[in-house]
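Okay, structure first, notes after.
The values are calculated or read from the model by the stated rules, or taken from the named source; none is laboratory data. In this text the structure is predicted, and so the values were computed from the model without any measurement. So basically every Cβ, Gly included, is an ideal-geometry build from the backbone, and we count neighbours across all protein chains shown. Remember, those area values only see protein heavy atoms, side chains included, never the ligands or the DNA or RNA. Shrake-Rupley method; radii C 1.70, N 1.55, O 1.52, S 1.80 Å.
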Amino acid sequence: MPLLDLGETWELSFNGYKRYASCRGTHASIETAQGLFPELNGREIAHVQAYVHPMCMINAGNPRPRTPLETKFSVQHCIALALCGFLLGEQDFTGGKTTDPQARALLEKVVAQAVEGQAPHESVIEISFTNGEQLRGETKMVRSHALNPLSLDELHEKFSRLTVPALGSENSELLFHTAANFEHPGARRTLTALLAADSDVSDHLFRRHPISYSDIFRSPIPVIFDHVFAHLLTRF
């Protein structure tokens, strides 16, 4: 029986937060396409060839998605959106974006191909233009991977996009900073109030337990973020 390493190795430290609101298998391709977008310079695209991990084609290889949910599992659609300048947040997988004329036209030119031996966090995209020019981009280690984690600012940006529509800017900021410093006295009570359905209770607790943010970014993001994100994604 192998020796246990309880208390020494923390698997939670290898977790990563999804940067985009789509199947994780699409993320490396999205990042590559977003990197190429500023270099398009208005040139007309003739063909887009994407090289992806084999599992990406199994989980997200739908070449002609028809619904918002299907677009989340189409690496071709995600690439088209990214090359059109979309950020691939949750708002970009709504009914309107599913039929965006520019993205749908470009989708017809995107071909994804599985490459044996390619890592799931890697992607290569080659673009051919009607004038004969070509453009190539690649991602070796996608952002949000455990070995290339999102910065706190990037996490804050995604957190705000998810929570501001439901909680408002002020409460969203309070929720983020409370979760980032869960060890702070009164944080659990404030966090509970923020996630409670009764706004009167929340207001009451905000007044009783103010939080100072002077050292807010000095401590690492604790486990509580996982619970906050999970709660928000299921509630809103």
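Observations, loosely collected:
- Residue among Q102, Q113 that alone is more than 20 Å from the chain's Cα centre (by Cα) and in a helix (DSSP H, G or I): Q102
- Contacts under 7 angstrom Cβ, first residue in region 136-164 being small (G, A, S), partner in a helix (DSSP H, G or I) and open to solvent by 30 Å² or more (accessible area, probe 1.4 Å), 6 or more apart: G137/G35; A146/F14
- Residue list for region 137-168, restricted to those being assigned to a loop (DSSP other than H, G, I, E, B) and either among the acidic types (D, E) or loosely packed, with under 15 Cβ neighbours inside 10 Å (or both): K140, M141, A146, L147, S151, G168
- Checking T32 against (1) within 14 Å of Q113 (Cα to Cα); (2) in contact with an Asp or Glu (Cβ under 9 Å, 6 or more places away or on another chain); (3) among the hydroxyl-bearing types (S, T, Y), the condition it does not meet: (1)
- Looking only at residues of region 21-58 that are outside any helix (DSSP H, G or I), modelled with pLDDT of 95 or more and under 24 Å from H156 (Cβ atoms), we find that the one that is most open to solvent (accessible area, probe 1.4 Å) is C23.
- Scanning region 116-136 for residues that are part of a strand (DSSP E or B) and either touching a helix residue (DSSP H, G or I) at 6+ places or on another chain (Cβ under 8 Å) or of a type in the set (A, V, I, L, M) (or both) yields S123, V124, I125, I127, L135.
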